[in-house]
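Student: This is the structure I want to talk about, given as structure tokens.
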Amino acid sequence: MSSIPLSGYLVLALILFCIGLYGALTKRNTVIVLICMELMLNAVNLNLVAFSKLGAAPSITGQVFALFSITIAAAEAAVGLAILFALYRNRKSIAVDDYDSMKH
């Protein structure tokens, strides 16, 4: 079994989530914001896997949810990058502040 306690995984996930949240709220570069959102999703996945292995009722359910979440995150990244490319093509900028209006 693992010698790392469940609280160790939870603290690591908390730190990753806080770094991602800070980056998503403070950075102005759209690519960095997307990366920070992926970091927050990976923190959630770490919690799911940790609880599925070391929780009160260990089962494979958390790992299945983590795989589902990874799939959704990959699709979200592809759609986000496609939207980013389209916005860059129209406005020649990747700053979040430039995307405050949906009007043309």
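The values are calculated or read from the model by the stated rules, or taken from the named source; none is laboratory data. The structure displayed is predicted, hence computed values, not measured ones. Neighbour counts run over all protein chains shown; Cβ positions are idealised from the backbone, glycine included. Keep in mind that these areas ignore ligands, DNA and RNA; they rest on the heavy atoms of the full protein, side chains included. Shrake-Rupley method; radii C 1.70, N 1.55, O 1.52, S 1.80 Å.
Here's the yes/no breakdown for (1) surrounded by 11 or more Cβ atoms within 10 Å (Cβ to Cβ); (2) in contact (Cβ under 8 Å) with a residue 60 or more places away in the chain; (3) under 30 Å from Val11 (Cβ atoms):
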residue	(1), (2), (3)
Leu46	yes, no, yes
Ser52	yes, no, yes
Phe65	yes, no, yes
Ala75	no, no, yes
Gly80	yes, no, yes
Ile83	yes, no, no
Asp97	no, yes, no
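Student: Still on this model: Give all pairs with beta carbons closer than 7 Å in which a residue from segment 1-30 that is farther than 19 Å from Val96 by Cα meets a residue that is of a type in the set (Gly, Ala, Ser); count only pairs at least 6 apart in sequence or on separate chains.
Tutor: Leu6/Ala50; Tyr9/Ala50; Leu10/Ala50; Ala13/Ala43; Leu16/Ala43; Phe17/Ala43
Student: What is the residue count in segment 15-40 for residues that are part of a helix (DSSP H, G or I), open to solvent by less than 60 Å² (accessible area, probe 1.4 Å) and not hydroxyl-bearing (Ser, Thr, Tyr)?
Tutor: Qualifying residue count, segment 15-40: 11.
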